[in-house]
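Encoded as structure tokens, the structure appears first; notes follow it.
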Amino acid sequence: MIKKSILNKAVALVLTAGIIFTGCGKSGQDATEGSTAQVTSQEEVTTEASTEAEPALQERVCPADAEHVKIIGHAAYEKDSLWLVTSASGAEFTFRGTKAEITFNGDSTAVKVGGDKNSQARVAIYVNGERVADEMIDDLTKTITAFESDNEEEVTIKVVKLSEAANSTTGIKEIKVTSYEDIKPTEEKELYFRFIGDSITCGYGVDDEDKDHHFSTITEDATKTYAYLTAENLNADCDLFSFSGFGILSGYTSDSNTINETSTVPQYYDKLGFTYGASYKGMKPVDYDWSFEREPDVIVINLGTNDASYTKGDAEKISSYEELYVDFLKKVREHDKNSKIVCVLGLMGSDLMGAVENAVQAYSEETGDSNVYTMEFDARKSDEGLAADWHPTYASHKRGAEKLTAFIQELLAK
């Protein structure tokens with residue numbers, strides 16, 4: 001916290017140059033200079049009691065660190081910016097003022113000459129709950145005006161990374177506001193959920209309802225997924241750890257004789273995230289450990305859709321999937337001792353749902369942990385349509401969220 005001094009019954013100096021009381025720093029200044037006072041002329045006066053100067057409406061440049069914003073999801077403050085890694089990671093803050101601008105840093109996908117636009121990071125900005133910006137980070141720096149008004153207002157701003165980590169990340173370089181005081185983080189919500197999954201949890205293709213179209217971060221939107229919607233329904237903070245094509249035994253493979261061991265979640269679970277090749281300021285999320293600082297009330301695991309492309313009904317392969325699922329449950333429980341764990345499948349096929357149930361039963365019998373549950377999503381309805389590469393549409397996600405919301409509500413009531 002920024003500390004301010006109050007001088008009582010002292011000899012004061014009349015300052016003809018204003019005193020800056022913001023920890024963010026006045027525009028053009030470093031934040032570390034924000035608490036200094038500059039005196040250009042002096043006149044000694046005696047006062048009965050000096051009081052703290054009234055805050056002034058002025059431009060302030062703030063870092064997106066934990067002192068100024070609520071950090072959401074798998075994100076980390078590194079190299080003077082808030083590095084947004086996984087789907088739905090972001091930041092949220094409040095202030096009273098007239099303007100807010102947010103400057104983003106792009107990663108290697110944003111600045112690469114001839115780079116693939118379908119891999120760049122997509123972000124959204126919300127002001128008082130309403131989406132006001134939806135942008136691709138396609139340059140090394142990109143500044144977006146989130147809010148501007150002739151009148152002073154109480155404002156809550158939320159930044160959400162809509163696209164997944166595997167293809168790209170981005171960062172919040174700074175937040176510039178015209179306000180009376182520093183921006184402040186919003187409060188943590190009472191509930192906190194983590195969702196572990198694949199492309200379904202990432203919102204793959206949800207903004208492109210054509211099954212014959214293919215992957216693009218342009219059409220990913222984590223806020224339209226069953227995961228994000230479930231958290232919204234129950235007023236919970238949420239954290240998505242998900243990557244398209246990933247599984248537990250094998251990631252997606254077009255040849256059931258060839259296992260895809262690169263694209264499996266368990267090997268990266270204790271890391272900040274995973275990218276195929278994109279780097280942010282020379283950093284890759286797999287090189288940074290995840291803190292597991294806040295324990296989720298509920299952890300949802302939705303992995304098996306891609307494994308099914310490898311198992312294809314083979315009993316030996318399915319047995320291997322079950323064994324690795326048990327191992328992953330142990331890993332999840334090692335980090336979060338008290339979370340309720342819900343293992344789900346079915347939004348895009350439920351071939352391995354029986355194997356999931358077997359794994360949960362085997363885990364519970366071996367460990368005595370009865371705080372692990374299973375739930376199968378209902379099959380998609382034909383009138384809901386299909387998104388890119390046969391993925392669930394927003395309508396399917398919404399219906400899935402309704403079922404999962406009710407299931408979690410019942411668990412939390414126990």
For region 365-400, give me each residue that is without any contact (Cβ under 8 Å) to a residue 24 or more places away in the chain and surrounded by 13 or more Cβ atoms within 10 Å (Cβ to Cβ). E384, A395, R399
Scanning region 403-414 for residues that are within 30 Å of T217 (Cα to Cα) and in contact (Cβ under 8 Å) with a residue 60 or more places away in the chain, which turns out surrounded by the fewest Cβ atoms within 10 Å (Cβ to Cβ)? T405
Of the residues A133, A146, A124, A165, only one is of a type outside the set (V, I, T) and crowded, with 24+ Cβ neighbours inside 10 Å; which? A165
Residues of region 183-198 being under 24 Å from I299 (Cα atoms) and either of a type in the set (V, I, T) or assigned to a strand (DSSP E or B) (or both), which ones? T186, L191, Y192, F193, R194, F195, I196, G197
In region 199-256, residue surrounded by the most Cβ atoms within 10 Å (Cβ to Cβ) [restricted to those that are of a type in the set (S, T, N, Q) and assigned to a loop (DSSP other than H, G, I, E, B)]: T225
Would you call D107 more than 27 Å from W290 (Cα to Cα) and more than 15 Å from the chain's Cα centre (by Cα)? no
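Are any residues in region 272-287 in a helix (DSSP H, G or I), over 11 Å from W83 (Cα atoms) and not aliphatic (A, V, I, L, M), and if so, which ones?
D287
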Tally up the residues in region 173-195 that are among the hydroxyl-bearing types (S, T, Y), more than 17 Å from the chain's Cα centre (by Cα) and surrounded by fewer than 24 Cβ atoms within 10 Å (Cβ to Cβ), please. 2
Mind listing whichever residues of region 305-334 are surrounded by fewer than 16 Cβ atoms within 10 Å (Cβ to Cβ) and within 23 Å of the chain's Cα centre (by Cα)? K331, E334
Residues (surrounded by fewer than 24 Cβ atoms within 10 Å (Cβ to Cβ) and of a type in the set (S, T, Y)) located in region 276-304: Y276, S279, Y288, S291
Within region 103-121, of all residues that are among the β-branched types (V, I, T) and either under 23 Å from Y204 (Cβ atoms) or touching a residue at least 40 places away in the same chain (Cβ under 8 Å) (or both), the one surrounded by the fewest Cβ atoms within 10 Å (Cβ to Cβ) is T103
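Each value in this text was obtained by applying a stated rule to the coordinates, not by laboratory testing. None of the values given here were measured: they were computed from a predicted structure. Cβ: placed from backbone, ideal geometry, glycine included. Neighbour counts: every protein chain shown.
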